[in-house]
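The values are calculated or read from the model by the stated rules, or taken from the named source; none is laboratory data. Just so it is clear, the structure is predicted and the values come from calculations on it, not from any experiment. Note that each Cβ is placed from the backbone with ideal geometry, even for glycine, and that neighbours are counted across all protein chains shown. These accessible areas exclude ligands, DNA and RNA; they are computed on the full protein's heavy atoms, side chains included. Shrake-Rupley method; radii C 1.70, N 1.55, O 1.52, S 1.80 Å.
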Amino acid sequence: MSARSLAENFFGRLQAREVDDILGLMTPDATVSLVPLNRHGPMAMDGAAYLRELARSFPDLVVRVRRLFVTADNTAVAEITIDGTQADDFLAVANQEKHVELDQAWMLKVTPADRISAVTAYWDQNQLYRRLGVKRLDKITITAG
């Protein structure tokens, strides 16, 4: 499977909210960096926790891959848009049933054995909070975990 196909598979499983299947695409020691949350660690813990919270909070999640390319070092770089309506608390934000549409950039480092060894994700956290209806950002406390 090419890095491009693996990335397409990753985002398809993200839309289907199939977190365990996503973890099956990873190396055992895969890492994750969720840059806006300052959350960096093992994909099996930190990444899985974030993906499960995303899946639970947005049961109608749509993931649109707008652009996808693979670099010379076999990193799949994707510009995506996530779209959905909040149905549960998300990142310490109480559910207000707000619709969210948010552009993101993800990088998936692919090994020669066609496994993902590192995931890095970027998005505008303030824009996410505004879309979730947060009025005062100084009242939000994000805890790792």
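Picking from M43, A118, N95, whose Cα lies most toward the positive end of the charge dipole for the chain (charges on Cβ: Lys, Arg +1; Asp, Glu -1)?
The Cα lying farthest towards the positive end belongs to N95.
Mind grabbing the accessible area of S2 for me, 1.4 Å probe, Å², rounded to tens?
60 Å²
If you roll a 1.4 Å probe over the heavy atoms of the protein chains, what accessible area per residue do you get for the chain, in Å²?
Dividing the accessible area of the chain by its residue count gives 50 Å².
Tell me the net charge near R52. Cut-off is 14 Å between Cβ atoms, R52 excluded, with +1 for each Lys or Arg and -1 for each Asp or Glu.
Neighbour charge sum, excluding R52 itself: -3.
Using the Cα centre as the reference, give the magnitude of the dipole from point charges on the C-beta atoms of the chain (Lys, Arg: +1; Asp, Glu: -1; all else neutral), rounded to the nearest 20 debye.
That gives a dipole near 320 debye.
With P(r) over Cα pairs in 5 Å bins from 0, in percent as the read-out, I listed [x] 2, 8, 16, 17, 18, 16, 13, 8, 2, 0; [y] 2, 10, 19, 24, 22, 12, 7, 3, 1, 0; [z] 2, 10, 19, 22, 19, 15, 9, 3, 1, 0; which label goes with the value calculated from this structure?
The listed entry that was calculated here is [y].
Of all accessible surface on the chain at a 1.4 Å probe, what whole percent is carbon and sulfur?
Its accessible area is 49 percent carbon and sulfur atoms.
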